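Only one structure is covered here, and it is reproduced in the block below.
The values are calculated or read from the model by the stated rules, or taken from the named source; none is laboratory data. The shown structure was predicted, so the numbers you read here are calculated from the model rather than taken from an experiment. All Cβ positions, even for glycine, are placed from backbone atoms using ideal geometry, and neighbour counts span all protein chains on display. Remember, those area values only see protein heavy atoms, side chains included, never the ligands or the DNA or RNA. Shrake-Rupley method; radii C 1.70, N 1.55, O 1.52, S 1.80 Å.
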Amino acid sequence: MPNLKDWVAERSAQVKEERPKGAEDTEQNALPLSLLALTRINDDVHSVHLPDGAHVGNLKRIGAIWKFKAVGYDDAGQVEPGGGPLTLRHNTVLAAPDAAELNAALSAANAGTGLR
């Protein structure tokens, strides 16, 4: 498996391309989601990071629920809301800002995708 920084850059580029219907990720591109970590920003927002510190999303409290909001970055470093390597997990709902719950929820959402 390539290092995570290279993997994120590669996957971000792949997500930007239109994927053919039925295209699936492979084990070689699998992101070990159990490595995602949270950093509290304020009472309503936590940022989500890979082990190398790469920012891949946010958890935002919207009313009484928490939602994962994927983010990516373009070549100029500008934020692309809903983009990045976890774009297919955008809007995953959680009960609380908890790293274990986030990893479990995103892993469950990955069933059959090749992501783990």
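In order along the range 62-77, the phi-based Karplus estimate (6.51 cos²θ - 1.76 cosθ + 1.60, θ = phi - 60°) of 3J(HN,Hα) comes to 10, x, 9, 10, 10, 10, 7, 10, 5, 9, x, 9, 7, 4, 8, x Hz; Gly and Pro are listed as x. Measuring r between the beta carbons of residue 75 and residue 44 and using R0 = 35 Å, the FRET efficiency lands at 0.70. Counting 0.36 nm for each residue step from residue 52 to residue 65 and taking away their Cα separation leaves a gain of 1.9 nm. Close amide H pairs (under 5 Å, H built 1.01 Å from N) link residue 82 with 70, 71, 72, residues at least 5 positions away or on another chain. Here's how it looks for residue 41: its modeled amide H is under 5 Å from those of 46, 47, which are all 5 or more places away or on a different chain.
Only protein heavy atoms count here; on that basis, with a 1.4 Å probe, residue 87 has an accessible area of about 30 Å². In terms of the mean number of neighbouring beta-carbon atoms within 10 Å, the peptides 73-84, 97-108 order highest first as 97-108, 73-84. Backbone geometry of the range 36-46 corresponds, through the Karplus equation with coefficients 6.51, -1.76 and 1.60 at θ = phi - 60°, to 3J(HN,Hα) couplings of 5, 10, 10, 10, 5, 9, 7, 4, 10, 9, 10 Hz, x marking Gly and Pro.
Derived scalar couplings between HN and Hα for the range 83-98 equal x, x, x, 10, 4, 6, 9, 4, 6, 4, 8, 10, 7, 7, x, 10 Hz in order, rounded to whole Hz, by the Karplus curve 6.51 cos²θ - 1.76 cosθ + 1.60 (θ = phi - 60°), x for Gly and Pro.
Amide H contacts for residue 36 (H built 1.01 Å from N in the peptide plane; partners 5 or more residues away or on another chain; cut-off under 5 Å): none found. Below 11 angstrom from the Cβ of residue 48, what's the summed charge of the other residues (Lys, Arg +1; Asp, Glu -1)? Cβ neighbours under 11 Å give a net charge of +3.
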